[in-house]
Amino acid sequence: MIIVWVPLNRFILKADGAARSITVLTLILITYLSLKKNFLKIALKKPLIIWGIWVIYAFFNTMHKGFEGELPVLSFLTLLVVPYILMVLISFLSLKNYQELINVLIVGFYLSLIIIVLFNNNSFEDDRYGGEMNSNTVGLMSVVLLMFIYLKYFFKRISINLFLIIASIPVIIIILTSSKTAFAGIILLYFSHLVVNRSKSTVKNIFKSLAAIILLLIPLNYLINNTQLGERILNTTEAGEELGIDTGNEFLNKFGDRGLYYYFGWKVFEDNPVTGIGLNNYKSYMDEEYSLHTEYMIQLAELGIIGFTLFFIFYFSIIKNLLGLRKIRTKRKSIEINLAFIIILLLMITATRMFVIWYLYTVVGIVVGFVTSEKYNNKRTKLIVKGIAKQNNTNSVILKINQ
């Protein structure tokens, strides 16, 4: 329901712009799941408890600073709480039936994209694809769907041919939305596949990499020269220069409007370094038309050092847990693909918001669920081995007494 809600309500129901239904459903879900022992253990355990603290801090800090957002306060709270519940729920369900959960997520995202495609009324020539939905949001939704489809292929649940057929739809939608951030997500996923499935032979890896790059350059060259996406990529530097603002940093000057978000966001942070100006208050504070479109500056400028520290610790904890699993050699590929997913997210949010896009948190939930599952299995294996060793020692003592 969370995954399909926005396009469902935007295009079909058109009845609950304040998301009260999601608020009620979330409360019912929390009440039901709080009775389940493992759910609470996951919710109150690192790393997810860190994000729970972030939610509490972000809400009360924003209320204290003065909430300037367009949403009602209850809807704003829901906006913060839903990603946390979503991550806990997905982590919880992944322990029960991981493959079934992936299937549900794929179906949910496909339903969302089908609704968007059916009700899209954009002109391909005049506007970016997405209809009443934000094009970048649609593109990022497609990237997340692509990740989950890849997991089906990764775990050998579908063939390469079926993977290519199913994955073609989100890829086409990403190209149509002309989202540079989403397109970067595809490229990162492509190279992640090469790294995770590398050979032990350095020579083989070099040849595979060269072949993969050549294979990528053919469609990439076509996209750059024949699509709106390519035009937007080529015009990034030009768009930055047209803004006519010298940030004092050559890279930021050529990074388009995103460069300005870093430039002005940092100035806001310098004015309010400890607690920031309050979440979603950048527009009113700077008298700007648009919100900050980089998660890192949102954390720094709007939530200050405290918010950014919680944000950093959360992702650091996930990465640390993944790296801690490396001793399980049989799980090397699974560990690395989950690590790759987190890195892809962290790179994409350099140029987009995350806290308002629920879809991205499904990926975090899957990764945390994987870590939780592997740590549990590892602990269980150790207990079994310990029990066997103890039993063997007991039998040895009994044998010596008999002798």
field: Among Leu95, Leu118, Val364 - extreme Cα towards positive end, dipole of segment 2-402, charges at beta-carbon
entry: Leu95
query: How do Ile174, Ile342, Ile12, Ile22 rank when sorted from fewest to most other Cβ atoms within 10 Å of their own Cβ?
result: Ile12, Ile342, Ile22, Ile174
- prompt: According to a simple spin-label model (label point 7 Å from Cα along Cα-to-Cβ), what is the distance in nm between Ser34 and His193?
  reply: 4.4 nm
task: Could you grab the relative contact order for segment 2-402? Cα pairs under 8 Å, six or more apart, rounded to a whole percent.
output: 21 percent
- prompt: How much length, in nm to one decimal, is gained on full extension between Lys267 and Arg332, taken as 0.36 nm per residue of separation minus their Cα-Cα distance?
  reply: 19.1 nm
- request: Calculate, for Phe155 and Leu13, the FRET efficiency according to 1/(1 + (r/R0)^6) with r their C-beta to C-beta distance and R0 41 Å; round to the nearest 0.05.
  value: 0.70
statement: Full extension between Arg232 and Glu289 adds, at 0.36 nm per residue less the Cα distance, a length in nm of 18.4 nm
- request: Enter the angle in degrees (range 0 to 90, nearest 10) between the Cα long axis of helix 180-196 and the first principal axis of the Cα atoms of the chain, meaning the one along which they spread out most.
  value: 30 degrees
message: Just want the answer: with Cβ charges of +1 for Lys and Arg and -1 for Asp and Glu, which residue in Phe311, Tyr32, Ile277 is farthest toward the dipole's positive end in segment 2-402?
response: Tyr32
- line: With Cα coordinates, the longest principal axis of the chain makes an angle with the long axis of helix 332-348, in degrees rounded to 10, of 20 degrees
- request: Could you give the size of the charge dipole of segment 2-402 about its Cα centre, using +1 on the Cβ of each K and R and -1 on the Cβ of each D and E, expressed in debye and rounded to the nearest 20?
  value: 3720 debye
- prompt: Which of the peptides 134-146, 104-116, 312-324 is most tightly packed, and how do the rest follow, judged by the mean count of other Cβ atoms within 10 Å per residue?
  reply: 134-146, 104-116, 312-324
field: Ranking of Tyr129, Tyr150 by count of other Cβ atoms within 10 Å, fewest first
entry: Tyr150, Tyr129
- request: Would you mind computing, in nm to one decimal, how far apart the modelled labels at Asn97 and Glu70 are, each placed 7 Å from Cα along Cα→Cβ?
  value: 4.0 nm
statement: Per the charge dipole of the chain (beta-carbon charges, Lys/Arg positive, Asp/Glu negative, Cα centre), the residue among Phe76, Trp266, Met1 reaching farthest to the positive end is Met1
- prompt: Helix 20-33 sits at what angle to the longest principal axis of the chain, using alpha carbons and giving 0 to 90 degrees rounded to 10?
  reply: 10 degrees
task: Mind sorting out which of [x] 93, 55, 46; [y] 67, 42, 40; [z] 65, 46, 46 is the real Cα extents along the principal axes in Å computed from the coordinates?
output: [x]
- request: As a check on your grasp of the helix formula, calculate [θ] at 222 nm for the chain: sum -39500 (n - 2.57) over DSSP H runs of n ≥ 4, divide by the residue count, round to the nearest 500.
  value: -24500 deg cm²/dmol
- prompt: Fewest first, what order do Val363, Val117 take by the number of other Cβ atoms within 10 Å?
  reply: Val117, Val363
task: Based on the mean of other Cβ atoms within 10 Å per residue, sort peptides 294-305, 364-375 so the most packed one is first.
output: 294-305, 364-375
query: Too long at a 29 Å Cα-Cα cut-off: which of Lys180/Lys200; Lys208/Lys379; Lys152/Lys200; Lys45/Lys156?
result: Lys180/Lys200; Lys208/Lys379; Lys45/Lys156
- prompt: When the chain is fully extended, how far beyond the present Cα-Cα distance does Leu216 get from Ile114, taking 0.36 nm per residue of separation?
  reply: 34.0 nm
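Read-outs throughout are calculated quantities, based only on the coordinates presented, and are distinct from any laboratory measurement. Here the structure is a predicted model, which means the values were calculated and not measured. Every residue, glycine among them, receives a Cβ derived from its backbone with ideal geometry; neighbour counts consider all protein chains shown.
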